[in-house]
Structures are given as C-alpha cells and as structure tokens.
C-alpha cells in the first residue's frame, strides 16, 4: 500500500509539471501567433512550439487520468496506469526528437 502512495505522489508531481509546461508553452504559442510578422524566426518556430504544446497537453491529460485512477481506484486502474506509462514514454521520445533534430 505504501508503494501506491509513492506512485500517487510521483504522478501528482508529473501531472503538475506537465500541466505547467503545457500552459507556459500555450502562452508562448499565443504570443508568437500575434507577432509572426515581426520576425521570420518567430514564424519558423511556430510549428515546433505548437507541437510541443500539443505533446505536453496530451501528456497532461493522460497523467491526470492516471492520477485520478490512483485516487478513485476504478476497476481498470492497471490499464489506465499502463496507458499513461506508454504515453509518457512516447511523449518523451517525441519531445527529445523534436528538440534535438
């Protein structure tokens, strides 16, 4: 039972961090959308910022569902945790490729 408590704390922290990144990148994307005509580099970075915002938003959604499943303990809790783990791994790989290429 103590392991579930630690998992709950870890998922709450990851959920909060992903939500914060999604909101911050959303604000950056919104500011970029108003200032695309000021510089060509701003327009060139718009797809990258939009993709990162979408990835963090999706990650926030699935981590939120996983955190909720630890609190409410529905019947499909293991499936929800597994899907959240797979989505987290895929999002990490996607973001790594997005920012290193």
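Report yes if some residue within region 36-58 is part of a helix (DSSP H, G or I) and farther than 22 Å from residue 101 by Cα; otherwise report no. Among the residues of region 36-58, not one is part of a helix (DSSP H, G or I) and farther than 22 Å from residue 101 by Cα, which makes the answer no. Filtered by the rule that a residue be over 13 Å from the mean Cα position of the chain (by Cα) and part of a helix (DSSP H, G or I), region 26-35 gives 27, 28, 29, 30, 31, 32, 33, 34. Of all the criteria given as (1) more than 24 Å from residue 14 (Cα to Cα); (2) surrounded by fewer than 10 Cβ atoms within 10 Å (Cβ to Cβ), the one not satisfied by residue 72 is (1).
Restrict the check to region 43-65 and report whether at least one residue is touching a residue at least 40 places away in the same chain (Cβ under 8 Å), under 30 Å from residue 77 (Cα atoms) and surrounded by fewer than 17 Cβ atoms within 10 Å (Cβ to Cβ). Scanning region 43-65 turns up at least one residue that is touching a residue at least 40 places away in the same chain (Cβ under 8 Å), under 30 Å from residue 77 (Cα atoms) and surrounded by fewer than 17 Cβ atoms within 10 Å (Cβ to Cβ). Please name all residue pairs, on different chains or six or more residues apart, with Cβ atoms under 8 Å, provided the first residue is in region 13-27 and is over 24 Å from residue 46 (Cβ atoms) and the second residue is modelled with pLDDT of 95 or more and surrounded by fewer than 20 Cβ atoms within 10 Å (Cβ to Cβ). Close Cβ pairs (under 8 Å, with a partner that is modelled with pLDDT of 95 or more and surrounded by fewer than 20 Cβ atoms within 10 Å (Cβ to Cβ)) amount to 14/88; 15/64. Filtering region 75-101 down to residues that are surrounded by fewer than 12 Cβ atoms within 10 Å (Cβ to Cβ) and at pLDDT below 95, which residue is farthest from residue 20 (Cα to Cα)? Out of the qualifying residues, it is 75.
The values are calculated or read from the model by the stated rules, or taken from the named source; none is laboratory data. Since the structure is predicted, the reported quantities are computational estimates derived from the model, not experimental observations. Here Cβ is always computed from backbone atoms with ideal geometry, including for glycine, and neighbour counts include all displayed protein chains.
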